[in-house]
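Novice: Pasting a structure here, questions to come.
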Amino acid sequence: MRSTMQDVPLTIGAILRHGGEVHSDGEVVTCTADGTRSTGYGELVARVGQLANGLRRLGIDADQRVGTFCWNNTEHLEAYLAIPSMGAVLHTLNIRLFPEQVTYIVNHAEDQVVIVDASLVEPFAKLLPTFETVRHVLVAGPEAAGADLSSLQVDGVEVHLYEDVLAAEESAFDWPELDERDAAAMCYTSGTTGNPKGVVYSHRSAYLHSMAVALGINAGLTPHDRVLPVVPMFHANAWGLAYAAFMVGASLTMPDRWLQAEPLVRFIERSRPTVSGGVPTVWNDVLGHLDAHEEADVSSLRLVLCGGSAVPVSLQRALEERHGVHMIQAWGMTETSPVASTGVPPLGAEGEDAWHYRGTQGRLLPGVLGRIVGEDGTVQPRDGQAVGELEVRGSWVTGAYYKDDDPEKFRDGWLRTGDVGTLDPLGFITLTDRAKDVIKSGGEWISSVDLENALMAHPDVVEAAVVGIPDEKWQERPLASVVVRDGADVTAAQLREFLADSVASWQLPDAWAFIPEVPRTSVGKFDKKVLRKSFADGRLEVDYTRKA
């Protein structure tokens with residue numbers, strides 16, 4: 001027996017139509033240098049149509065990729081809605097990646113058009129000549145009209161002012177009926193080992209993920225909410241907050257480039273968001289600012305979703321007990337769209353029991369399945385004790401990488417997360433280690449292997465092993481343990497300067513140790529747990545260079 005229910009595709013276009021028709025009373029507020037600017041959702045939808053027409057005129061008529069090199073602002077939201085809804089693919093570019101990685105990503109994705117925030121023209125211009133497929137650049141934002149765009153003059157590339165493109169077009173657009181399994185957007189991983197890998201999100205996966213984000217066990221969004229995505233829109237689609245908010249009619253407050261504690265708190269005071277999301281580093285800084293400025297008012301916030309790296313219970317307690325801001329931890333990856341679990345305590349958990357659950361990576365969301373697999377490949381019991389690699393599958397979990405065959409990342413239809421931990425009977429994940437020695441600093445991955453290879457390219461370095469060590473601000477930072485060639489005289493500062501030619505500044509090690517040899521396992525691999533223990537026990541003589 002088959003259902004007789006109507007088969008209506010779950011698409012970003014459906015979110016756009018619903019938000020525009022039913023929630024036109026919502027608004028998006030963007031932070032500016034001297035205040036805010038606001039656009040109602042009704043006007044926003046009209047501009048989205050103009051952008052779609054403009055992109056169509058520039059040759060975007062199928063599933064071509066359109067890149068964005070932007071902050072969290074109104075124009076970026078317009079791109080979020082217009083590009084997938086017209087049948088093209090939104091490709092958010094991580095502006096924090098090392099230049100060579102951005103070049104690889106743009107060329108691998110074959111971006112045709114890139115929308116660039118005017119404040120980012122200078123770094124973007126340095127990259128533009130390395131892009132092989134980009135034919136049009138749209139410069140967006142209030143500063144675009146007065147910006148010097150001469151640096152963008154590259155053969156074969158046409159430069160346009162975003163507002164001029166919109167002004168030349170009608171707001172009505174013939175939105176196509178799309179297959180919900182067509183590509184809607186793509187993000188690339190941070191390239192922790194080798195080149196970054198592309199994850200392609202379907203319309204269906206984005207729609208279902210948005211519904212999950214809006215659930216009461218997650219952000220619990222309603223039209224009465226005002227959502228502040230501090231997490232960048234180029235970082236795993238801002239955790240789905242933009243689509244979820246527009247879907248339910250919650251207004252959006254966008255911080256643009258002002259992500260430091262003082263301007264961010266000032267923006268919160270002005271825009272009065274009720275829900276926010278961001279990495280622990282940002283909220284650690286906000287906590288420090290609030291502690292130092294009793295007059296600061298963040299009382300509008302009822303909930304902060306925090307993730308990207310482990311969220312200390314001490315941070316959650318301090319924000320809640322001293323400033324009335326309730327924070328819950330969320331976990332996910334680029335490959336999981338990204339939200340897969342949230343740390344809302346179970347029924348009946350109170351006091352320290354509740355704090356225990358809030359210290360985990362959270363409970364699996366409906367739509368996501370999880371399991372723990374041991375080193376021998378056997379599925380471990382969900383008892384909160386058995387340890388293994390976390391594997392997940394679900395409606396918004398990727399099943400492959402774009403143009404990259406990486407079978408080791410998948411097992412029998414399950415995504416191997418690379419995270420090691422436990423899973424309890426209630427579906428709460430507790431991560432205790434990482435299967436691969438990558439470091440997560442301020443919510444961004446740093447590859448220990450890449451750092452080691454770069455260090456060992458130095459003529460005076462025989463071996464180098466890099467591990468993550470705790471850091472109050474960034475949660476983790478790299479410690480480089482180096483074996484120097486006999487007779488050589490090299491300092492930590494010199495090695496740091498050497499790395500600066502090939503490694504992004506925020507990835508450079510802050511701590512250095514010079515050791516006679518790197519400890520190894522029985523099979524000859526670097527034994528990094530010995531290095532971590534040596535550091536924890538104070539047996540490494542550590543030299544600290546300047547912070548990134």
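Novice: Sort out which residues of the range 302-313 are over 13 Å from the mean Cα position of the chain (by Cα) and in a loop (DSSP other than H, G, I, E, B), and write them in order of number.
Specialist: R302, A310, V311, P312
Novice: Hey, among the residues in the range 25-51 that are hydroxyl-bearing (S, T, Y) and touching an Asp or Glu at 6+ places or on another chain (Cβ under 9 Å), which one's farthest from G141 (Cα to Cα)? Walk me through it before giving the result.
Specialist: Going residue by residue through the range 25-51, those that are hydroxyl-bearing (S, T, Y) are 30, 32, 36, 38-39, 41.
Next, from what is left, pick out any that are touching an Asp or Glu at 6+ places or on another chain (Cβ under 9 Å): 30, 32, 38-39, 41.
On the way: T30: 11, T32: 10, S38: 13, T39: 13, Y41: 18 Å.
Of everything passing the filter in the range 25-51, Y41 is farthest from G141 (Cα to Cα).
Novice: Something else now. Those residues that are at pLDDT below 95 and either of a type outside the set (S, T, N, Q) or in contact with a helix residue (DSSP H, G or I) (Cβ under 7 Å, 6 or more places away or on another chain) (or both), I need them from the range 385-398; list them, please.
Specialist: A386, V387, G388, E389
Novice: Just checking, how many residues over the range 399-419 are in contact (Cβ under 8 Å) with a residue 60 or more places away in the chain and part of a strand (DSSP E or B)?
Specialist: 4
Novice: Separate question: Give the residue, chosen from E320, E335, that is part of a helix (DSSP H, G or I), among the acidic types (D, E) and under 30 Å from L415 (Cβ atoms).
Specialist: E335
Matching residues to (1) farther than 22 Å from H209 by Cβ; (2) in contact with a helix residue (DSSP H, G or I) (Cβ under 7 Å, 6 or more places away or on another chain):
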| position | (1), (2) |
| --- | --- |
| H235 | no, no |
| A242 | no, yes |
| D256 | yes, no |
| W283 | yes, yes |
| V304 | no, yes |
| G324 | yes, no |
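Novice: To continue, here is another question. Can you tell me which residue among V200, V230 is in the same structural domain as D25 (by TED's automatic domain parsing) and surrounded by fewer than 24 Cβ atoms within 10 Å (Cβ to Cβ)? Break it down stepwise before answering.
Specialist: Working: V230 fails: surrounded by fewer than 24 Cβ atoms within 10 Å (Cβ to Cβ).
Matching residue, one of V200, V230: V200.
Novice: Mind checking which residues of the range 236-281 are assigned to a loop (DSSP other than H, G, I, E, B) and surrounded by fewer than 23 Cβ atoms within 10 Å (Cβ to Cβ)?
Specialist: First, pick out the residues of the range 236-281 that are assigned to a loop (DSSP other than H, G, I, E, B): 249-250, 255, 257-260, 272-274, 279.
Answer for the range 236-281, where residues must be assigned to a loop (DSSP other than H, G, I, E, B) and surrounded by fewer than 23 Cβ atoms within 10 Å (Cβ to Cβ): G249, R257, W258, L259, Q260, R272, T274.
Novice: Next question. From I60, I15, which residue is surrounded by 20 or more Cβ atoms within 10 Å (Cβ to Cβ), in contact (Cβ under 8 Å) with a residue 40 or more places away in the chain and more than 21 Å from L138 (Cα to Cα)?
Specialist: I15
Novice: S299: in a loop (DSSP other than H, G, I, E, B) and in contact (Cβ under 8 Å) with a residue 60 or more places away in the chain, yes or no?
Specialist: no
Novice: Tally up the residues in the range 282-296 that are part of a loop (DSSP other than H, G, I, E, B) and of a type outside the set (D, E), please.
Specialist: Summing the residues that are part of a loop (DSSP other than H, G, I, E, B) and of a type outside the set (D, E) in the range 282-296 gives 2.
Novice: Answer yes or no as to whether T422 is in a loop (DSSP other than H, G, I, E, B) and buried (at least 17 other Cβ atoms within 10 Å of the Cβ).
Specialist: no
Novice: A340 passes all but one of (1) assigned to a loop (DSSP other than H, G, I, E, B); (2) among the hydrophobic types (A, V, I, L, M, F, W, C); (3) not assigned by TED's automatic domain parsing to the domain that holds V231; which number fails?
Specialist: Status for A340: all satisfied but (1).
Novice: Right, here's the next one. Can you tell me which of (1) modelled with pLDDT under 95; (2) touching a Gly at 6+ places or on another chain (Cβ under 6 Å) is the one E169 doesn't meet?
Specialist: Failed condition: (1).
Novice: Still on this structure: List the residue pairs whose Cβ atoms are under 8 Å apart, where the first residue sits in the range 32-54 and is assigned by TED's automatic domain parsing to the domain that holds S85 and on the phi > 0 side of the Ramachandran plot, the second is assigned to a helix (DSSP H, G or I) and surrounded by fewer than 22 Cβ atoms within 10 Å (Cβ to Cβ), and the two are 6 or more positions apart or on different chains.
Specialist: Once the first residue is assigned by TED's automatic domain parsing to the domain that holds S85 and on the phi > 0 side of the Ramachandran plot and sits in the range 32-54, its partners that are assigned to a helix (DSSP H, G or I) and surrounded by fewer than 22 Cβ atoms within 10 Å (Cβ to Cβ) give G35/R270.
Novice: Counting only residues that are more than 17 Å from R532 (Cβ to Cβ) and either assigned by TED's automatic domain parsing to the domain that holds L315 or under 21 Å from the mean Cα position of the chain (by Cα) (or both), how many does the range 448-473 have?
Specialist: Matching residues across the range 448-473 total 3.
Novice: Take W239 and tell me if it is out of contact with any Gly (no Cβ under 6 Å at 6 or more places or on another chain), of a type in the set (F, W, Y) and closer than 21 Å to P312 by Cα.
Specialist: Numbers: out of contact with any Gly (no Cβ under 6 Å at 6 or more places or on another chain): no; of a type in the set (F, W, Y): yes; closer than 21 Å to P312 by Cα: yes.
In short, no.
Novice: Shifting gears a bit: Being aromatic (F, W, Y), modelled with pLDDT under 95, farther than 30 Å from D63 by Cα and within 21 Å of the chain's Cα centre (by Cα) narrows it down to one residue among W283, W258; which is it? Step through it out loud before you land on a result.
Specialist: Working: W258 fails: modelled with pLDDT under 95.
Answer to the check: W283.
Novice: Taking only the range 285-307 into account, find how many residues are within 12 Å of A318 (Cβ to Cβ) and surrounded by fewer than 24 Cβ atoms within 10 Å (Cβ to Cβ).
Specialist: 4
Novice: Scan the range 125-161 for residues that are at pLDDT below 95 and of a type in the set (A, V, I, L, M) and report the count.
Specialist: Residues meeting the conditions: 2.
Novice: Is it the case that the range 377-391 has a residue that's within 28 Å of L241 (Cβ to Cβ) and surrounded by fewer than 20 Cβ atoms within 10 Å (Cβ to Cβ)?
Specialist: no
The values are calculated or read from the model by the stated rules, or taken from the named source; none is laboratory data. Keep in mind the model is a prediction, meaning the values are calculated, not measured. Backbone-built Cβ (ideal geometry, glycine too); neighbour counts: all protein chains shown.
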